[in-house]
Amino acid sequence: MSTYERQGDILKIISQLDITPTMYKNAVTKYTSIAEYLENNGIEADMYPQGSFALGTVVRPNAKDPNAAYDLDFICQLRIIRTYLTAAELRKNVEDILMSSDLYGGKLTINDNCFTIKYADVGGLGFSIDIVPAVDENEENKVRLRSKSKNPTLIDSAIAIPKKCEKNYNWITNNPKGYRRWFENINAPFQDSSRMQYRQVLFEENKPIYASVEEIPVELERSAMQRVIQILKYHRDMYYSKLENGDDVKPISAIINTIVAHISASAPANISVFDLLNYVLGEFATYAEYQTLTEERFAELYQGKNVIGRKSGKWFIENPANPEDNLADQWNQDGSIPAHFFAWAKVVREDLIDSLQMSNEDFRARAETAFGQKAVASAWGNKYNNVAPKPVSPVTPAKPWREKWFLP
């Protein structure tokens, strides 16, 4: 098998872990309906996606359960400034309206920082919508953030969301719209490079849903950069699920999104998924040297490399849409987190780059380690197994054997 064919087979696994066009369409319908219900009941708000659903980097979330539902995140932004109510009041206003609904009340789960509505399976896969209430950030805070930001124009869309601190709710600043603009600006050349080919393939696979290529939402396009992020996110979930305290030390998606986007910004637009993955992992290996080098020595050896920083011995990864948000805060609270991150990056290279040159059996074994046996079997069948079928006993009647063999 050629390296190119093996790369294509890995991408088949990732595409199966992505949200389907049917589910995407269903999710859009559902969150639009929630927004309309709130509007009709006195909550003047804009509902919009954040996180992986907004960035086009959705993967099935739970590596321990191949049938796990998708978690889709949304902001419910009331058309007011935070000055006019408290964080607790905002929460209560949205919660009361949702709980009073015959449609949503029975499905609603109240969490510390969001409200979750679970939906029934579609084609064997379910999803839930996490709703984070928000208001516009006040101008005083925006002025302060602009003065610190490398991307001051992104600050205009900053919002305030309720954050539970012990028993009370306080405001914290968030900016998912600004982050999405930053991400999409970097991703645009990669999308433009592969758009026509990708959209045509997607159309051929989904003709019952779309009457023409033009009907396919841009949100379903997947560039090389988005695919690299999806690969890393799902591999992360599998890798950390095998650690005793994996959920406590695995890197948040915002870190993967931010680092990959920053690194990708210097790559050619027509780069392939695996060339970009190889390039990103090479940069990860460089930043791993921060574990043993001083800040000054690292800067001397690797001028201009500042996606991951260490300021006064503290890890720092800036949220490009919020200069006061250090995405690596947890790295400074638990030194094992960055150690695990760079160890994981090495395993990604072994599983997805080095394995391309291994024997068929070792290549498949690495893929099963990376993505799980069920996901690999679903995408590949018995390919790369190199296991000859057991001979049929001459006393076994042929017809019943065939019927059993081909049962789904």
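The values are calculated or read from the model by the stated rules, or taken from the named source; none is laboratory data. Keep in mind that this is a model prediction, so the values were computed, not measured. Methodologically, a virtual Cβ is constructed for each residue, glycine included, from the backbone with ideal geometry; neighbour enumeration extends over all protein chains shown.
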Looking only at region 272-292, filter to residues that are β-branched (V, I, T) and surrounded by 19 or more Cβ atoms within 10 Å (Cβ to Cβ); which one of those is nearest to A343 (Cα to Cα)?
V280
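Can S52 be described as assigned by TED's automatic domain parsing to the domain that holds N175 and over 30 Å from F274 (Cα atoms)? Before you say what the answer is, go through the steps one by one.
On the way: assigned by TED's automatic domain parsing to the domain that holds N175: yes; over 30 Å from F274 (Cα atoms): no.
Answer is no for this residue.
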For region 16-28, check the following and say yes or no: at least one residue is more than 27 Å from P208 (Cα to Cα), more than 14 Å from the chain's Cα centre (by Cα) and surrounded by fewer than 21 Cβ atoms within 10 Å (Cβ to Cβ).
no
Residues of region 122-141 that turn out to be over 22 Å from L38 (Cβ atoms) and in contact with a strand residue (DSSP E or B) (Cβ under 9 Å, 6 or more places away or on another chain), as a count
5
Does P49 satisfy the criteria of being over 30 Å from N245 (Cβ atoms) and of a type outside the set (D, E, K, R)?
yes
Take residues that are within 24 Å of R181 (Cα to Cα) and in contact with a helix residue (DSSP H, G or I) (Cβ under 8 Å, 6 or more places away or on another chain) and tell me which of the helices (runs of 4 or more DSSP H) falling wholly in region 1-109 contain 3 or more.
21-40, 51-55
Here the residues within region 190-220 that are touching a Lys or Arg at 6+ places or on another chain (Cβ under 6 Å) and either part of a loop (DSSP other than H, G, I, E, B) or surrounded by fewer than 11 Cβ atoms within 10 Å (Cβ to Cβ) (or both) are I216
I want to confirm something. Restricting to region 340-369 and keeping residues that are modelled with pLDDT of 95 or more and among the β-branched types (V, I, T), which single residue is nearest to Y384 (Cα to Cα)?
I353
Out of region 146-183, which residues are part of a helix (DSSP H, G or I), in contact (Cβ under 8 Å) with a residue 24 or more places away in the chain and within 26 Å of the chain's Cα centre (by Cα)?
L154, I155, S157, P176, K177, G178, Y179, R180, R181, W182, F183
Given the criterion loosely packed, with under 13 Cβ neighbours inside 10 Å and closer than 21 Å to L232 by Cβ, identify the matching residue among T109, T32, T3, T57.
T3
Got a number for residues in region 1-45 being in contact (Cβ under 8 Å) with a residue 40 or more places away in the chain, more than 30 Å from Y104 (Cβ to Cβ) and among the charged types (D, E, K, R)?
3
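How about region 293-343: which strands (runs of 3 or more DSSP E) wholly inside it have at least 1 residues that are surrounded by fewer than 15 Cβ atoms within 10 Å (Cβ to Cβ) and in contact (Cβ under 8 Å) with a residue 60 or more places away in the chain?
Qualifying strands (runs of 3 or more DSSP E): 322-326.
Test of understanding: among R195, R180, which residue is assigned by TED's automatic domain parsing to the domain that holds L72, at pLDDT below 95 and more than 21 Å from I81 (Cα to Cα)? Write out each step before concluding.
Details: R180 fails: at pLDDT below 95.
Answer to the check: R195.
Results for (1) out of contact with any Leu (no Cβ under 9 Å at 6 or more places or on another chain); (2) within 30 Å of R349 (Cα to Cα), shown as yes or no for each residue.
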residue: Y169; (1), (2): no, no
residue: T173; (1), (2): no, no
residue: I186; (1), (2): yes, yes
residue: K207; (1), (2): yes, no
residue: A211; (1), (2): yes, no
residue: E215; (1), (2): yes, no
residue: E221; (1), (2): no, yes
residue: A224; (1), (2): no, yes
residue: I229; (1), (2): no, yes
